[in-house]
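Just so you know, all these numbers are worked out from the coordinates, no wet-lab data involved. Keep in mind the model is a prediction, meaning the values are calculated, not measured. Using ideal geometry, Cβ is built from the backbone for each residue, glycine included, and neighbour counts are taken over all protein chains shown.
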Amino acid sequence: SARDDDGHGTHTASTAAGNANVPAVLYGKPRGTVSGIAPRARIIAYKGLGNQGGFGSDLAAAIDQAVADGVDVINYSVGGGASLTGGDDIAYLFAADAGVFVATSAGNNGPAPATIGGPASVPWLTSVGANTQKRFYQGTVSSSDGWSFVGASITTSTGELPLVDAEVAGDELCTPGQLDPAVVRGSIVLCKRGAIGRVDKSLGVFMAGGRGMILYNAVDVDNLFSDTHWVPSVHIDLTPGLTIKDYIANTAEPTARITGSQLGSWDSAPSMTIFSSRGPDPVALDIIKPDITAPGHQILAGNSPTPDIGAYPSELFQAISGTSMSSPYVAGVFALLKQAHPNWSPAAAKSAIMTTAFQKVVDNDRTSPAGPFAMGAGHVELRRADKGSLFQPGLAYDAGFNDYLGFLCDAGPDIFSNPAATCAALAAAGIPTEAINLNLPSIGVSAIPGKISVFR
């Protein structure tokens, strides 16, 4: 079956091509309506991974089958180590040759440099970073003792309850099975982020009889997430988390309440998420990655109502984050482009979204301008199909199969059985064999020994 275990595939599919204006209800509360980017597109799902992962050969086979079936666009919210010649890298090279538009997640290993994963590292597909959006699902944790903090939340509320520090209850990380029920039962629990998944922590609280969770970050510059938790929860920054921890330690009977999610907004949006993987490309220094950025934080879309063990069951929607969420946004844009321009190549479509991108994006500190190794060409700008839009960009940087082989002559020659002969033949045919001269809408030069010329 192509059904997914944890809602990841359902979420990405509905982001790209979910029906239009669908009422979204989460934890019994209406959240407005949601629509896919290309709501009338048809979806074919290929199951290349199971709940325990899978093999690269399975993923390559899924890609090959999708191409054989004649799909127009592939979303690939999957990633691994950066490479140019892995199984999925090469499968996507032939997908590009077949005219298939491909969007893939840049990875969730930022903000350190050179954290782009694979196949996002190859130039023949479109690598997508993740940024925030204006909409922010927030909740409040407060106490009758006079303090209050706002964080991320999409869960329900609690009344005023006893408040305990998970460290005192046996495990500050709230690992399932490690909290003392005698301490936790009936209380809101303060949990520290790290080591295990965020939802696993609320499961640990739930298993110990807790009735709410305050999750605090290990650092103050990290993002806040609105996960589908097992108990009412609010995710806050480190500083308020430590303030609450100090309050618990110095109060005879500490209490708190969680006020369920409300709709707020980010003044700094779009800002790059801290997790979005950054360039430069670790396996191809002369190309700029990611290519583009798109919304990938607190994205409200579909969910699997019957997930695998460890996820909160029975919700048809979720608001989650990752470059897995931003990639299908671009895949949906590609579907619209394919409809408007059925004869465009994948490189021309990629060029259109890059050359028309919105560049007023800030970095994850929410103040500094984001650079090309964070946002690529900028934030994809989907608007009316008028002149200057991605539907009518006016200029296209095109490339094809032989151009990518020429790129590999420089960046990955070992893929060829006879690199010298292959690359000489390409050069004789007028194909550039230097990575810097691949006809991309961006120009990257990793080293300039005096003077260099770049051609487009």
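Contact order normalised by length for segment 282-436, with contacts defined as Cα pairs under 8 Å and 6 or more residues apart; what percent is it? Please report the intermediate quantities before stating the final value.
Numbers: 203 pairs, mean separation 36.5, N = 155.
Relative contact order of segment 282-436: 24 percent.
A quarter of the convex hull surface defined by the alpha-carbon atoms of segment 102-161 gives 7.1 nm² as the mean projection. For a test of the definition: using alpha carbon positions, the gyration tensor, and the 1.5 limit on a/c, classify segment 390-456 as rounded, prolate or oblate. Taking the square roots of the gyration eigenvalues as a ≥ b ≥ c, segment 390-456 is oblate.
Near Ser261, the amide H atoms lying under 5 Å from its own belong to Thr155; only residues 5 or more places off or on other chains count, and H is placed 1.01 Å from N.
So what's the gap between the Cα centers of segment 395-446 and segment 145-164, to the nearest angstrom? So the separation of the two Cα centres works out to 57 Å.
Among Tyr404, Tyr27, Tyr216, a tally of other beta-carbon atoms within 10 Å of each Cβ gives an order, fewest to most, of Tyr27, Tyr404, Tyr216.
Every helix of 4 or more DSSP H residues in the chain counts as -39500 (n - 2.57), and over all residues that averages to -7500 deg cm²/dmol at 222 nm. Bridge orientation summary for the chain: considering DSSP beta bridges with both residues in this region, about 55 percent are antiparallel. Where the alpha-carbon atoms of the chain are placed on the principal axes, they occupy 82, 49, 43 Å, in descending order. Which pairs, out of Lys360/Lys387; Lys350/Lys451; Lys192/Lys289; Lys29/Lys192; Lys134/Lys338, put more than 23 Å between their alpha-carbon atoms? From Lys360/Lys387; Lys350/Lys451; Lys192/Lys289; Lys29/Lys192; Lys134/Lys338, over 23 Å: Lys350/Lys451; Lys192/Lys289; Lys29/Lys192; Lys134/Lys338. Based on Cα contacts under 8 Å between residues 6+ apart, the chain shows a relative contact order of 19 percent.
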